[in-house]
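One structure is given below, encoded as structure tokens.
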Amino acid sequence: MASEELEENLSELQIGENGEKKPVENDVSDGAVKVSCFTEDLQDVTLHFQIVNFSKQIYAWIGCNSAKLGHLYAAATTRPNNNVSVTSLLGGTSDNTGSSIARRIVLKTGLNVVVACNIPKDSPMLEATAERKLVERLASLGYFRPKEKHSN
Amino acid sequence: MESSSNNSLPTQFPVSHKSFSLNIKGNKTDIVICKYDDCFMVMATQIGCMGTILHARKEESVSTDPTFHVAVIFGKRDEPFLVACARQLIEHISSYGSTRPLVLSLGLKDHSPGSMKEIIYAVIENRLW
């Protein structure tokens, strides 16, 4: 059983043979900030992801075919009632690409979030795919609130 | 000071970065420097979050001397040394021939000039421009 788990973990770290998923992680140990980078090759676009894990905040960058920063959004829970608020920091338009991703990450993790995203406008499917991949990685990093509390 | 970068990995991620830690006046400071296609991002934190975010850019001017525009886009707007830090770094970027803007985030416990200088030195030592 232990060898199977080890093989699974190793396969996640290796570059995928079919070219779809290419995790390129760079961990910094001993308490420093951790930066995770990975790429997802979809049919017609390549999505790049970069996650910087601070202890009280998450910074995430999503790149669509390019390495431009794109629009920058900040999202956090705000008073009253801990509703989630989102604001555009750079970019300045009413374009929603990225802001909804930021908002949903705050809902799921409870942390403050800064998201940079250069996904083009009017691409809801691409935005949804990018958000799903990002959420999967955040879940694997242990960022989601536990839904159930187990009592022993 | 421990540092890491992704410049030697077999599959090149399009955004290169450096991440390291150092001690500034007793405060552990984590610094991440990223190079995007159209800007540089520098994050320095002592408090576990990004803190104040500033945007600095070089402005096109007719005269030979470059001018710069620095603005706080998130966080403390009454700390002049944060703006001065961004101004120093964008001027350094410009002196190395790059016209890319800088997004700088500073989450610091101590806003003294001495701390700012040490952060600037550390960033310049590990620059990606």
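The values are calculated or read from the model by the stated rules, or taken from the named source; none is laboratory data. These numbers were taken from a predicted model, which means no experiment stands behind them. Don't worry about glycine lacking a Cβ; one is built from the backbone with ideal geometry, like all the others, and counts go over all protein chains shown.
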* Structure fact -> Of the candidates B:Ile53, B:Ile93, the one satisfying the condition of being at pLDDT 95 or above, touching a Leu at 6+ places or on another chain (Cβ under 7 Å) and within 21 Å of B:Lys117 (Cα to Cα) is B:Ile53
* Long-range neighbours under 6 Å by Cβ, at least six apart or interchain, first residue modelled with pLDDT under 85 within the range A:123-152, second assigned to a loop (DSSP other than H, G, I, E, B) and surrounded by fewer than 17 Cβ atoms within 10 Å (Cβ to Cβ) -> A:Arg145/A:Gly110
* Asked: Any idea which of A:Lys121, A:Lys108 is charged (D, E, K, R) and within 20 Å of B:Met50 (Cα to Cα)?
  -> A:Lys108
* Asked: Within the range A:35-67, how many residues are facing chain B (nearest Cβ under 9 Å), within 17 Å of B:Met43 (Cα to Cα) and in contact (Cβ under 8 Å) with a residue 24 or more places away in the chain?
  -> 4
* Counted residues, the range A:68-117 - those being in a helix (DSSP H, G or I) and in contact (Cβ under 8 Å) with a residue 24 or more places away in the chain -> 10
* To do: With respect to B:Phe40, determine if the residue is among the aromatic types (Phe, Trp, Tyr) and within 12 Å of the chain's Cα centre (by Cα).
  => yes
* **Criterion violated by A:Val86 - all others in (1) surrounded by fewer than 14 Cβ atoms within 10 Å (Cβ to Cβ); (2) touching a Ser or Thr at 6+ places or on another chain (Cβ under 6 Å) satisfied** => (1)
* Asked: Has the range B:74-94 got any residue that is assigned to a strand (DSSP E or B), without any contact (Cβ under 8 Å) to a residue 60 or more places away in the chain and within 13 Å of chain A (Cβ to nearest Cβ)?
  -> yes
* Verdict on B:Val62 being without any contact (Cβ under 8 Å) to a residue 40 or more places away in the chain, of a type in the set (A, V, I, L, M, F, W, C) and within 14 Å of chain A (Cβ to nearest Cβ) -> no
* Asked: When you look at B:His69, is it part of a strand (DSSP E or B) and surrounded by fewer than 18 Cβ atoms within 10 Å (Cβ to Cβ), yes or no?
  -> yes
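Got a number for residues in the range B:21-54 being polar (S, T, N, Q), more than 20 Å from A:Leu111 (Cβ to Cβ) and in contact (Cβ under 8 Å) with a residue 24 or more places away in the chain?
2
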* Structure fact -> Within the range A:8-54, of all residues that are outside any strand (DSSP E or B) and at pLDDT 90 or above, the one farthest from A:Leu69 (Cα to Cα) is A:Phe54
* Structure fact -> Residue hits (the range B:93-126; out of contact with any strand residue (DSSP E or B) (no Cβ under 7 Å at 6 or more places or on another chain) and closer than 12 Å to B:Val42 by Cα) are B:Ile120, B:Ile124
* Structure fact -> Over the range A:49-78, the set of residues crowded, with 24+ Cβ neighbours inside 10 Å, within 15 Å of B:Ile33 (Cα to Cα) and not hydrophobic (A, V, I, L, M, F, W, C) is A:Gln50, A:Tyr59
